Structure formats: C-alpha cells, structure tokens
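The values are calculated or read from the model by the stated rules, or taken from the named source; none is laboratory data. Please read these numbers as outputs of a predicted model, since none were measured by experiment. Because the Cβ atoms are built from the backbone with ideal geometry, glycine has one as well, and the counts that use them run over all protein chains shown. The accessibility values were calculated without ligands, DNA or RNA, using every heavy atom of the protein model including side chains. Shrake-Rupley method; radii C 1.70, N 1.55, O 1.52, S 1.80 Å.
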Amino acid sequence: MPYSSHPQFPDIQDAVRRISPHIKKTPVLTSQYFNDLTGSDIYFKCENFQKIGAFKFRGACNSILSKTDDQLRHGVITHSSGNHAQAVALAARMKGVKATIVMPENAPDIKIKAVRGYGADLIFCEPTIKARIETAKKVVEETGAYFVHPYNDPAVIAGQGTCAKELLEEIPDLDIIIAPVGGGGLLSGTSIAARHINPNIQIVGVEPEIADDAYRSFQTGTLQPVERTDTIADGLRTSLGELPFSIIRQNVDEMVTVSEESIIRNMRQIWERMKIIVEASGSVTLAAVTDQKINCEGKKTGVLLTGGNADLDHLPWMIKEPFSNQSSST
C-alpha cells in the first residue's frame, strides 16, 4: 500500500503487520521509586530492549521491507549518528541488500562497531548536518542507492508509531505520553498513534536545552535550524524534519527542554534504580517528569525509553566535562 505524504493510523497498522515478525515487542516496566519521586504512575516503554538496542529498528525495518526489489537493486544508504545507522544496516542485511552508512566522526564507538558488525560499509564525515547530507547525496548520485531518511520519511514515521501503539494497547488509559525529539520521526509517529487510540491523551515532546530547534520551531510555528550539536544525547543532535514537524504541529500538545545535567542524572538513576541500561537520549523523557517540566502528578504517564546503546568506556557521569560549551556549526 503506497503512503500518502502524511502517514495516517492505517499506515501504522500496516507497519505492524509488516515488521511484527522481525521486531521485539518490548516490555513496559514500572518503578515504585520513580512513582514516589514524581507523584505519577509512570509506565516505561523499554525500547532499549529492541533489536539493535533502540526504537529506530522499527522505522528502518518498515521502510526497507516496504520497498520493491527494483528500488533496492543498488542497495541502501543513510546518514546517522548511530541508532538509525544500526537499524538500516540490520534491516538491509535481513533483506539481502548492501547498506552504506554515513556517520559523523564523533559518533560513539559502540555504535560504529555495531554498524560494522551488521556488515554495512561506513563513510565518516564532519560532525555537522550539512556534511552528513552532502556526503550521502554524493553516494546516491554515484551508486543509485536508495536513501532511507532517518525521519523525513512516511514509512519510517509509520514504523516508529508502532511503539506507541504497543504501549497504548497494554496501558490504554494513559493521561500523558512523552517522547524525545531529534529529527521528529518518533514523536510524529507517536502522535499519530496516540491521537487515534486515545483522542484525549496529552502528547509531549522533549529535547535537550542546548539542542532546542524543535522547541523553537514548535513555539514559533516555523522550522528553526539546529544551532548546537554538542549535547550528551547524541541521538538527538539532528535537525527536526519538515514532514515530522507538520505532523507534530497538528497533534502534539506541548514541547519542553531539559538540561544536560538532568539528562545525565536521570540516565544514572535509571541504571541504579531499574537495573537497566539506557543511553542519554533515552533519559530525556524521564528528566522532563522529574524536573516537573510537565504536570504529571496524579496522572498515568507513558515514558518512552528509546535506546540502550551507551558507550560503557565513556559514561557521562565518569567524565569531568561531559558536554562542550562550544557551539557546533551545522
């Protein structure tokens, strides 16, 4: 079934049927510690247990499996700081096609090793959005490979929306659902699923204070550029896409930001209290709750823990200066 320019809930249902044999239905966990701390009943959707360790496999899998053999005859290419790279590499291997991945030079080692482990070819570029896009475009022009966009792709968005659909099928009476936002694929897909299943639910996006293009875009109503990419939440360093932004404007109720210190503190608390590994990008949602950026007291709150690909050799609380004070050019 071809996708419209704006994916709809039936597209998410199609994605479920397409990817269910290949993904994991991830668990929903609770924590009395965090419930007591926040005064909210929190339900953690643990995509850190997903294949490749992050929700990104849902979107990449749906995008690649929905393409024809002719579209994929020259392989696939994408650009990513890590999780989408791994997702495309694994989905391409499953499909039996070549994958080429453009990664920034500052991508975490754990994600670089994983991409190589899935058999993809790697090309490194400067750690800017412009460099990623230009490098990938050059490969497409030279090889004819199919570009799997990390977020500005209806099939990717529909795939990411299957995460919220699973959560709401298990906990249908959530008052709030919270998703992080980088490129916006997860938040936009979440908003489509959540708004359809529970029209009264509050949908909230969260991003780092120092990488706040989505927040500024939401406040102004116009797409704003990324000004810094040095957040510890490496999965949220990219810019908000046009297609996700148009969906977010329709469906999302609120956008908030959290500090680097809070991201790190909540990441560590999840490790210590829940005994599970999450990466920094996955802890921003809980940070919004513990910092009271959202009124969750007395409410049932769905929190998406988006990934668990933490670099164990460079944990942020072990580094004196875990994030830079310098701006990065995009």
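Given the Cα-Cα distance of N35 and T68 and 0.36 nm per residue of separation, how much length would full extension add, in nm? Roughly 7.2 nm would be gained on extension. Principal axis extents of the Cα atoms in the range 73-114, from largest to smallest and rounded to whole angstrom, are 31, 15, 12. Long hydrophobic helices in the chain, taken as whole DSSP H segments with a C-alpha length of 20 Å or more on their own axis and mean Kyte-Doolittle hydropathy at least -1.0: 129-143, 154-170. Shape index of the chain: Rg/Rh, with Rg the Cα radius of gyration and Rh the Kirkwood radius from the inverse mean 1/r over Cα pairs, equals 0.94.
Of the peptides 126-137, 233-244, 187-198, the order by per-residue mean of other Cβ atoms within 10 Å, starting with the highest, comes out as 187-198, 233-244, 126-137.
Dividing the radius of gyration of the alpha carbons in the range 1-120 by their Kirkwood radius gives 1.05 for Rg/Rh.
With N the number of residues in the range 216-262, Rg(Cα) / (2.2 N^0.38 Å) evaluates to 1.21. Working from Cα pairs under 8 Å separated by at least six residues, relative contact order for the chain is 21 percent. Computed as a quarter of the hull surface, the mean projected area of the alpha carbon convex hull for the range 265-311 stands at 3.3 nm².
Spread over its residues, the convex hull of the C-alpha atoms of the range 71-153 is 78 Å³ per residue.
Remark: C-alpha extents of the range 183-264 on the principal axes read 35, 26, 19 Å, sorted largest to smallest.
Under conditions of 4 °C and 1.567 mPa s, the range 137-287 yields 81 µm² s⁻¹ as its translational diffusion coefficient, taking Rh as the Kirkwood radius over Cα pairs in the Stokes-Einstein equation. Could you name the aspartates and glutamates whose alpha carbon sits less than 20 Å from that of K300, not counting residues in the same chain fewer than 8 places away? K300 reaches D36, D41, E47, E166, E169, E170, D173, D175, D253, E254, D291. The label-point distance for F147 and Q219, in a model that sets each label 7 Å from Cα toward Cβ, rounds to 3.1 nm.
Taking a straight line from the alpha carbon of K299, these lysines sit under 29 Å away, with near neighbours fewer than eight places off in the same chain left out: K24, K25, K45, K56, K165, K275.
Rounded to the nearest 20, the size of the Cβ-charge dipole of the range 243-290 about its Cα centre is 160 debye, with Lys and Arg at +1 and Asp and Glu at -1.
Here the chain carries DSSP beta bridges of which approximately 10% are antiparallel, counting only pairs with both residues inside.
By the Stokes-Einstein formula, at 1.306 mPa s and 10 °C, the range 47-197 with its Kirkwood radius over alpha-carbon pairs has D equal to 102 µm²/s. Toward the positive end of the charge dipole of the chain, about the Cα centre and with charges on Cβ (Lys, Arg +1; Asp, Glu -1), which of F9, T222, L72 goes farthest? So the residue furthest toward the plus end is L72.
Taken over the range 27-66, the alpha-carbon convex hull comes to 78 cubic angstrom per residue.
Judged by the mean number of other Cβ atoms found within 10 Å, the most tightly packed of the peptides 288-299, 97-108, 51-62 leads the ranking 51-62, 97-108, 288-299. Distance distribution note for the range 233-303: the fraction of Cα pairs above 19 angstrom is 44%. For the chain, the solvent-accessible area with a 1.4 angstrom probe is 40 square angstrom per residue. Shape descriptor for the range 200-323: Rg over Rh equals 0.96 (Cα atoms; Rh from the Kirkwood inverse mean 1/r). When DSSP beta bridges are limited to those with both residues in the range 1-144, what percentage is antiparallel, rounded to the nearest 5? Given both bridge residues lie in the range 1-144, the antiparallel proportion sits at roughly 20 percent. Stretching H6 away from T128 to a fully extended chain increases their span by 41.2 nm, per 0.36 nm per residue minus the current alpha-carbon distance. In terms of packing, defined here as the mean over residues of other Cβ atoms within 10 angstrom, the peptides 253-261, 67-75, 158-166 line up highest first as 158-166, 253-261, 67-75.
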